[in-house]
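A short write-up of the structure that comes next.
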Amino acid sequence: MNTKQIQDKLKKLAEEEVALHKELKAAKGRQLIACSLCRKRSKVSNLTYIQTHFYVYPHGCVGGDYWSPNEGQYECPFCKHINRLYDRPKVVSLKGSFKEVVNTHER
Ligand SMILES: [Zn+2]
């Protein structure tokens, strides 16, 4: 292969990679996750991912206060139960395929 052919092939591969990531996101969004309370299943792409944060107080003489990401949650559309995801890493891994991600900050 000459330089031009290699560059063309790389470009094609990059485009293919972008398309595959898109497809993966959509496929993850089609997955169904069950509510831990009513057991009804919802499509990931229909749900809002709630990213909670906890407040870290100032410490020492240089450490300022800040917010640190805490567990993820989502509300069941059927029973309105807030599902906590600290022990559901598989659901957390689908975060990018939820309808949207909202950040909450609570002290
Ligand atoms: Zn439910």
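Each reported figure results from applying straightforward, stated rules to the coordinates on display, with no laboratory input. Quick caveat: nothing in here was measured; it's all calculated off a predicted structure. Backbone-built Cβ (ideal geometry, glycine too); neighbour counts: all protein chains shown.
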I'd like to verify a number: residues in the stretch 54-65 that are without any contact (Cβ under 8 Å) to a residue 40 or more places away in the chain and surrounded by 11 or more Cβ atoms within 10 Å (Cβ to Cβ), how many?
1
Checking Cys38 against (1) in contact (Cβ under 8 Å) with a residue 24 or more places away in the chain; (2) within 14 Å of the ligand (Cβ to nearest atom); (3) within 14 Å of Pro89 (Cα to Cα), only one condition comes out false. Which one?
(3)
Could you please let me know if Gly72 is out of contact with any Leu (no Cβ under 9 Å at 6 or more places or on another chain) and among the small types (Gly, Ala, Ser)?
no
Residue by residue through the stretch 56-91, note down the ones that are in contact with a strand residue (DSSP E or B) (Cβ under 6 Å, 6 or more places away or on another chain), among the hydroxyl-bearing types (Ser, Thr, Tyr) and more than 16 Å from the ligand (Cβ to nearest atom).
Tyr66, Ser68, Tyr86
